[in-house]
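Asks: Please see the structure below; I have some questions.
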Amino acid sequence: MTAVEELPVAETPKETPKETAAPTPPPASTNLPLRAAGVALGLLGVFVLGFLAYLAVLSPLQHDRDQITRYADFRKELAEGTAPVAPPIAAGKSVAILEIPRLGLREVVVEGTTSADLTHGPGHRRDTPLPGQPGISVILGRAGAYGGPFGDLGKLHTGDVITVITGQGLASYTVSGTGPSILPPVPGSSTLVLVTADSGVAPRGEALVTARLTSQPVAGNSAEAPRIHRSEVGLSGDLGALVPLLLWAEALLLAVGLTTFSYLRWSKWPTYVISSPVLLAVLWNIYESLARLLPNTL
């Protein structure tokens, strides 16, 4: 038999897969607004968190430092007999030491009740007599920020003792009531009213404590009481902080611009060392101005 040679079978060429074209990236002009918006939102979030941290952590430290300094200075004034006892008294001047044993509270009281005044401690309302004098003496204090010295006023009960030391001596009071309004004073008596916000976060009204003087009243001032501004009553912000806030905001923009320029044109580490304290100082002043716009007893 003759062997039949097998003819070679031609192989069918395989189709090569078509390469998938890479997607064309969107033009840079489209990404730029989105990136700018993302950066802006991120910076805004950091700014807000920084402000909350200032109110919750840094402002109590600032209050404690002020109180330590004021307590030492006011005790010296009491010993020398130079503590103020009658108007005119400069705003922010220390006028009394308030003590509430049940709350473990001891605070130096300053003159004035604006939001800026109450960053240092409780404030004496200027149109009322000083504690210990005849009439209704009113002291405002914060419930949350800057140490929240009056945050626990709701824990006081009828009969609790409150003492106030002024340049005229020690005045003792007994709590006669708590609530959202002042109890009618007994004719001819001296009354102390402590006022704060009903919440240290989102206040809706005021919380008050009324106390009657149990020690002998001291001589009052016969001069006409000064008029106060709207910013000195409870739950009022200080619109006078708007101008400093705008100026510090401009300073922040300038500082950020110079810092960015230095990062691009200079070494990063020296820029960081120099710019960080400046930026933190400017932010601190911005946060202080913003805090003044909040209710004064918050």
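The values are calculated or read from the model by the stated rules, or taken from the named source; none is laboratory data. Please read all numbers here as calculations on a predicted model, not as lab measurements. For neighbour counting, all protein chains shown are included, and Cβ atoms are generated from backbone atoms with ideal geometry for every residue, glycine included.
Asks: Within segment 131-141, restricting attention to residues that are crowded, with 18+ Cβ neighbours inside 10 Å and in a loop (DSSP other than H, G, I, E, B), which residue is nearest to the chain's Cα centre (by Cα)?
Replies: So the residue we want is 141.
Asks: Exactly one condition in (1) among the β-branched types (Val, Ile, Thr); (2) outside the structural domain of residue 102 (by TED's automatic domain parsing); (3) modelled with pLDDT of 90 or more is not met by residue 193; state its number.
Replies: Single failed check for residue 193: (2).
Asks: List the number of the failed condition for residue 215; all other conditions in (1) in a loop (DSSP other than H, G, I, E, B); (2) in contact (Cβ under 8 Å) with a residue 60 or more places away in the chain; (3) buried (at least 17 other Cβ atoms within 10 Å of the Cβ) hold.
Replies: (3)
Asks: Any chance you could count how many residues in segment 163-190 are at pLDDT 95 or above, assigned to a strand (DSSP E or B) and farther than 17 Å from residue 100 by Cβ?
Replies: Here the count works out to 1.
Asks: If you don't mind, there's one more thing I want to ask. What is the number of the single condition among (1) in the same structural domain as residue 125 (by TED's automatic domain parsing); (2) over 25 Å from residue 133 (Cβ atoms) that residue 210 does not meet?
Replies: (2)
Asks: Moving on to the next point. Among 96, 72, which is the only one that is aliphatic (A, V, I, L, M), buried (at least 16 other Cβ atoms within 10 Å of the Cβ), more than 21 Å from the chain's Cα centre (by Cα) and modelled with pLDDT of 95 or more?
Replies: It is 96.
To keep it simple, each residue is scored yes or no on (1) in contact with a helix residue (DSSP H, G or I) (Cβ under 8 Å, 6 or more places away or on another chain); (2) buried (at least 18 other Cβ atoms within 10 Å of the Cβ); (3) assigned by TED's automatic domain parsing to the domain that holds residue 147.
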{"site": "45", "(1), (2), (3)": "no, no, no"}
{"site": "63", "(1), (2), (3)": "yes, yes, yes"}
{"site": "78", "(1), (2), (3)": "no, no, yes"}
{"site": "83", "(1), (2), (3)": "yes, yes, yes"}
{"site": "103", "(1), (2), (3)": "yes, no, yes"}
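Residue-wise test of (1) crowded, with 19+ Cβ neighbours inside 10 Å; (2) in a loop (DSSP other than H, G, I, E, B); (3) under 14 Å from the mean Cα position of the chain (by Cα); (4) on the phi > 0 side of the Ramachandran plot.
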| position | (1), (2), (3), (4) |
| --- | --- |
| 129 | yes, yes, no, no |
| 143 | yes, yes, yes, no |
| 146 | yes, yes, yes, yes |
| 159 | no, yes, no, yes |
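Residue by residue, here is whether (1) closer than 18 Å to residue 95 by Cβ; (2) of a type outside the set (A, V, I, L, M, F, W, C) holds:
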| position | (1), (2) |
| --- | --- |
| 166 | yes, yes |
| 174 | no, yes |
| 177 | no, yes |
| 190 | yes, yes |
| 220 | yes, yes |
| 234 | no, yes |
| 239 | no, no |
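Asks: I would also like to ask the following. Among 283, 254, 264, which is the only one that is within 30 Å of residue 148 (Cβ to Cβ) and assigned to a helix (DSSP H, G or I)?
Replies: Step by step, each of 283, 254, 264 is checked, and only 283 is within 30 Å of residue 148 (Cβ to Cβ) and assigned to a helix (DSSP H, G or I).
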